[in-house]
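Undergrad: My questions all concern the structure below.
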Amino acid sequence: MDEKELDEQPLEPFVPIGRFIGGPIRTGYVPYKLFVIMQLMNLVFQPPAEPYVNLDMFAGQCAISRAFQARGYRTCSLDIAIDERDDICEPLGFIRHLYAAMNIAPGGLAFIGVVCSSWVALNRGTSGRSRDNPCGREQFPSVQKANLMLSRVVLLLTVIMHHRGHWVIENPISSLIDYYPRLEEFLRYRAHFKVTTWLGMFGATTPKAVKLFSDDGFVQHLVRKLDRSKFAPSNTTIRYRDGAGKMRYKGSSTLKATQTYPRNFGRHVALAWDTYAVRNPEYLQLIDWDPDHWADAKLDSVEEWLTQYLRHRSIEIWEPHCWR
């Protein structure tokens with residue numbers, strides 16, 4: 001696809017969801033435990049030689065960070081497929097993500113494609129999630145892990161905004177992540193943009209509709225209308241009847257391949273950000289102590305891990321994967 005197409009395409013009207021609180025200065029409330037963790041991290045880590053212009057979290061094959069790197073920017077890619085230490089649900093993995101968020105460049109972009117498997121319609125029968133019950137069946141380990149992951153992502157968003165960074169959250173169109181209480185509250189009290197687009201129009205093998213949430217309007221330039229004539233019927237799901245005769249469906253062997261972003265999508269994200277994003281945001285997000293302890297984010301284990309590390313310093317825990 002010709003990258004000039006991005007400039008020629010008219011802007012779609014954005015969907016204004018949320019609102020500014022208190023004018024341009026806003027306060028993000030985080031548990032006191034996160035303050036402690038960040039102070040401990042200042043004792044453990046030196047800041048990077050240069051701040052990160054792009055954070056590619058849940059990076060997969062790094063389509064986003066590679067595109068930013070190609071434009072000469074310093075990037076940081078985090079994904080368990082790159083480094084097993086990047087599991088955000090583990091203490092060390094969250095520390096690595098938090099370090100990256102604390103060192104984003106002003107006006108930089110954190111692109112966060114949260115693992116969607118527990119949130120989409122295909123998993124609804126297992127997860128038990130709905131708009132009325134977005135937390136799902138919390139007795140299931142997979143649901144617990146997905147909830148923990150998203151709670152920690154919301155904390156990262158607050159830290160990123162405190163450092164004047166931009167963020168994008170991406171998930172499939174059927175995902176219920178924006179109904180999860182932590183993210184729903186975060187979005188409710190912050191002006192943001194919500195758009196939908198089709199990865200198939202960026203070179204993906206299937207149409208795949210996704211929704212993007214961002215604090216910056218550059219995401220409007222990623223909107224594409226689907227041309228169905230370019231795609232064969234999708235075979236990513238299999239429908240079958242269970243023993244009781246009830247119709248069910250599951251993912252086919254080709255579903256996993258649709259989870260990675262096409263390279264062309266990464267190039268258009270970087271181009272849109274480079275061309276349209278606000279480089280020096282006027283807003284200042286203050287961080288203040290939240291009386292809510294955020295037990296769902298399980299920060300006690302992170303603090304304990306850092307405390308033990310300060311005592312022994314027995315393992316190497318950094319540097320993250322950087323493209324420049």
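The values are calculated or read from the model by the stated rules, or taken from the named source; none is laboratory data. In this text the structure is predicted, and so the values were computed from the model without any measurement. In this analysis, Cβ positions are derived from the backbone assuming ideal geometry, glycine residues included, and neighbour counts consider all displayed protein chains.
Undergrad: Applying the selection to the stretch 136-162, what residues are surrounded by fewer than 19 Cβ atoms within 10 Å (Cβ to Cβ) and either touching a helix residue (DSSP H, G or I) at 6+ places or on another chain (Cβ under 8 Å) or among the aliphatic types (A, V, I, L, M) (or both)?
TA: Within the stretch 136-162, Arg137, Glu138, Phe140, Ser142, Leu148 meet the criteria.
Undergrad: Within the stretch 71-94, can you find the residues that are surrounded by fewer than 24 Cβ atoms within 10 Å (Cβ to Cβ) and assigned to a helix (DSSP H, G or I)?
TA: Across the stretch 71-94, the qualifying residues are Glu84, Arg85, Asp86, Pro91, Leu92, Gly93.
Undergrad: Still on this structure, please answer the following. Here is a list: Leu11, Leu40. Which entry is at pLDDT below 95, over 17 Å from Ile160 (Cα atoms) and surrounded by 15 or more Cβ atoms within 10 Å (Cβ to Cβ)? So that I can check it myself, show each step before the final result.
TA: Working: Leu11 fails: surrounded by 15 or more Cβ atoms within 10 Å (Cβ to Cβ).
Checking each option against the conditions leaves just Leu40.
Undergrad: Mind telling me which of the residues Leu176, Leu212 ends up being touching a helix residue (DSSP H, G or I) at 6+ places or on another chain (Cβ under 8 Å) and of a type in the set (A, V, I, L, M, F, W, C)?
TA: Leu212
Undergrad: Could you say whether any residue in the stretch 173-188 is among the polar types (S, T, N, Q), within 21 Å of Ile88 (Cα to Cα), part of a loop (DSSP other than H, G, I, E, B) and out of contact with any Phe, Trp or Tyr (no Cβ under 8 Å at 6 or more places or on another chain)?
TA: no
Undergrad: Does the stretch 196-204 contain any residue that is at pLDDT 90 or above, under 30 Å from Gly72 (Cβ atoms) and assigned to a strand (DSSP E or B)?
TA: Yes: one or more hits.
Undergrad: Looking at the stretch 130-145, I want the residues that are small (Gly, Ala, Ser) and have a partner that is surrounded by 13 or more Cβ atoms within 10 Å (Cβ to Cβ) with Cβ atoms under 6 Å, at least 6 apart or on another chain. Which pairs are those?
TA: That search, which allows pairs on different chains as well, returns Gly136/Ser127; Gly136/Gly128; Gly136/Arg129; Gly136/Val143; Ser142/Ser118.
Undergrad: Which residues, taken from the stretch 109-135, are touching a helix residue (DSSP H, G or I) at 6+ places or on another chain (Cβ under 9 Å) and either buried (at least 22 other Cβ atoms within 10 Å of the Cβ) or assigned to a helix (DSSP H, G or I) (or both)?
TA: Leu109, Ala110, Phe111, Ile112, Gly113, Ser118, Trp119, Asn123, Thr126, Ser127, Arg129
Let's see how each residue does on (1) in contact with an Asp or Glu (Cβ under 7 Å, 6 or more places away or on another chain); (2) modelled with pLDDT under 95; (3) among the polar types (S, T, N, Q); (4) over 19 Å from Asn171 (Cβ atoms):
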position: Gly60; (1), (2), (3), (4): yes, yes, no, no
position: Gly72; (1), (2), (3), (4): no, no, no, yes
position: Asp83; (1), (2), (3), (4): no, yes, no, yes
position: Glu90; (1), (2), (3), (4): no, no, no, yes
position: Leu98; (1), (2), (3), (4): no, no, no, yes
position: Ile104; (1), (2), (3), (4): no, no, no, yes
position: Ala110; (1), (2), (3), (4): no, no, no, no
position: Val114; (1), (2), (3), (4): no, no, no, no
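Undergrad: Let me ask you something else. Filtering the stretch 268-292 down to residues that are surrounded by fewer than 19 Cβ atoms within 10 Å (Cβ to Cβ) and polar (S, T, N, Q), which residue is nearest to Val53 (Cα to Cα)?
TA: The selected residue is Asn280.
Undergrad: While we're looking at this one, here's another question. Within the stretch 46-62, work out how many residues are under 14 Å from the mean Cα position of the chain (by Cα) and either surrounded by fewer than 24 Cβ atoms within 10 Å (Cβ to Cβ) or in a loop (DSSP other than H, G, I, E, B) (or both).
TA: Summing the residues that are under 14 Å from the mean Cα position of the chain (by Cα) and either surrounded by fewer than 24 Cβ atoms within 10 Å (Cβ to Cβ) or in a loop (DSSP other than H, G, I, E, B) (or both) in the stretch 46-62 gives 4.
Undergrad: Is there any pair with a first residue in the stretch 164-180 that is free of Cβ contacts under 8 Å to residues at least 60 places away in the same chain and within 15 Å of Leu212 (Cβ to Cβ) and a second that is among the small types (Gly, Ala, Ser) and surrounded by fewer than 22 Cβ atoms within 10 Å (Cβ to Cβ) whose Cβ atoms are under 6 Å apart and which are 6 or more apart or on different chains, and what are they?
TA: Ile173/Ala209; Ser174/Ala121
Undergrad: Mind counting the residues in the stretch 163-209 that are closer than 26 Å to Gly125 by Cβ and within 17 Å of the chain's Cα centre (by Cα)?
TA: 19
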